[in-house]
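Novice: My questions will all concern the structure given below.
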Ligand code: SF4
Ligand code: SF4
């Protein structure tokens, strides 16, 4: 009994990584109790944790839907220069985060469109949020996702003063990056970012990039990764451009093989002492975080006009149903509309329920674009899950081999 209590404590302490599904499975496998008893215990634990209540850890503030670029695979389909957040709306959104915070540390991501178009607003938001956090005895961490083209020294100084980390959207070398990431006049933007990188690195030595891989760029994926390393990028989120366009099985297979090539290059760089980090390569394939993502559970997104949705990527969808808006910070919020996102497992399709792979169910926005339902992943999602899990498995094998032979 004590061991079971210890197990439950362990699982719940990893909350928000806590997953009722994982707990249930562990109880059945480790303590040989029936599925019914495991279900009852899990429901009791959920009640204790108040999972029905919204407990926030993060907020995405979409400062504008406007952008100075016109990337064709951008998730914001309808960009409008009029869509800009006011300081009043930003303050109400921040108040919502502080009042509903369930963790001592909360994260605010400044998002867009291109958030740096609203640098004057950012300069007002940051002190306001820090003051509000102080009143609620909370600490704030920050992130900005930017296309990098508007960065200047004033912005870098401000970000460095407040410990605000930038994540650059840069897809690889000039050929790949400029295929989609162009200005309104059709000019490529790679050289502009590359020219700024030594200045950026002087302020942010650990510099992250979101490398979005389109089907057209699969052939050059490994080369693109290495070109970014040469530029001084040392943290990576590598992800396929999913949603609007579909990937064939062969393309997904090739994506997986390229990931393994990148993994080999990554481990060689680490062995040489190069400071580099890719979270996906450092995780084990068995580190399952449960069904569904943080959207609507521990994180919310606010649109420039104050509309609230579980995630920024949903706000970018064209169909109103896809956006899953639960109200507006300037008027009313209907928290009950978040119920499906707080309990996504209840929306699982039978084929997922009986699936042996422990997948997290895909991105709600991609699911909606591909299947018309947030909680119904497409077959493409299953295939990407398999290749990513395989890469993690190989990564763990390589890493333990490296340790055995004295490499770090
Ligand atoms: S791998 Fe595919 S079928 Fe299996 S749970 Fe995930 S989305 Fe569902
Ligand atoms: S997986 Fe998709 S829906 Fe979930 S937080 Fe990420 S972008 Fe948003």
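Novice: Name the single residue, out of those in the stretch 85-138 being assigned to a strand (DSSP E or B) and buried (at least 19 other Cβ atoms within 10 Å of the Cβ), that is farthest from the chain's Cα centre (by Cα).
Specialist: Selected residue: 101.
Novice: I'd like the full set of residues that are over 20 Å from residue 95 (Cβ atoms) and in contact with a helix residue (DSSP H, G or I) (Cβ under 8 Å, 6 or more places away or on another chain), limited to the stretch 322-336.
Specialist: Listed by number, the residues that qualify are 322, 323, 324.
Novice: Every residue in the stretch 299-336 that is closer than 11 Å to residue 54 by Cβ and out of contact with any strand residue (DSSP E or B) (no Cβ under 6 Å at 6 or more places or on another chain), please.
Specialist: Correct list: 335, 336.
Novice: Further, regarding this structure: Of all residues in the stretch 182-214, how many are surrounded by fewer than 18 Cβ atoms within 10 Å (Cβ to Cβ) and part of a helix (DSSP H, G or I)?
Specialist: Going through the stretch 182-214 one residue at a time, the tally reaches 8.
Novice: Is it the case, given these coordinates, that residue 290 is closer than 22 Å to residue 22 by Cα, within 13 Å of ligand 2 (Cβ to nearest atom) and either in contact (Cβ under 8 Å) with a residue 12 or more places away in the chain or assigned to a loop (DSSP other than H, G, I, E, B) (or both)?
Specialist: Judged against the criteria, residue 290 is a match.
Novice: Please find, among 243, 256, the residue that is touching a helix residue (DSSP H, G or I) at 6+ places or on another chain (Cβ under 8 Å) and assigned to a loop (DSSP other than H, G, I, E, B).
Specialist: Within the list 243, 256, the selection yields 243.
Novice: Residues that are within 16 Å of ligand 1 (Cβ to nearest atom) and more than 20 Å from residue 56 (Cβ to Cβ): find the helices (runs of 4 or more DSSP H) completely inside the stretch 317-399 holding 3 or more of those.
Specialist: Fully inside the stretch 317-399 and qualifying: 350-353, 364-371.
Novice: Give me a count of the residues in the stretch 318-350 that are more than 21 Å from residue 298 (Cβ to Cβ), within 15 Å of ligand 2 (Cβ to nearest atom) and touching a residue at least 60 places away in the same chain (Cβ under 8 Å).
Specialist: The number of residues fulfilling the criteria is 0.
Novice: May I ask you to verify whether residue 176 is in a helix (DSSP H, G or I) and either surrounded by 15 or more Cβ atoms within 10 Å (Cβ to Cβ) or touching a helix residue (DSSP H, G or I) at 6+ places or on another chain (Cβ under 7 Å) (or both)?
Specialist: So residue 176 fits the description; yes.
Novice: With respect to the numbered conditions (1) modelled with pLDDT of 90 or more; (2) more than 15 Å from ligand 2 (Cβ to nearest atom), which one is the sole condition not fulfilled by residue 366?
Specialist: It is condition (2) that residue 366 fails.
Novice: State yes or no: is residue 297 touching a residue at least 60 places away in the same chain (Cβ under 8 Å) and surrounded by fewer than 16 Cβ atoms within 10 Å (Cβ to Cβ)?
Specialist: No, not satisfied.
Novice: Let me ask something else. List every residue pair whose Cβ atoms lie under 9 Å apart, where the two residues are 6 or more positions apart in sequence or sit on different chains, the first residue falls within the stretch 351-371 and is free of Cβ contacts under 8 Å to residues at least 12 places away in the same chain, and the second residue, located anywhere, is more than 6 Å from ligand 1 (Cβ to nearest atom).
Specialist: 353/345; 371/378
The values are calculated or read from the model by the stated rules, or taken from the named source; none is laboratory data. Note that the coordinates shown come from a computational prediction; the quantities given were computed from them, not determined experimentally. Cβ atoms come from the backbone with ideal geometry, glycine included; neighbour counts cover every protein chain shown.
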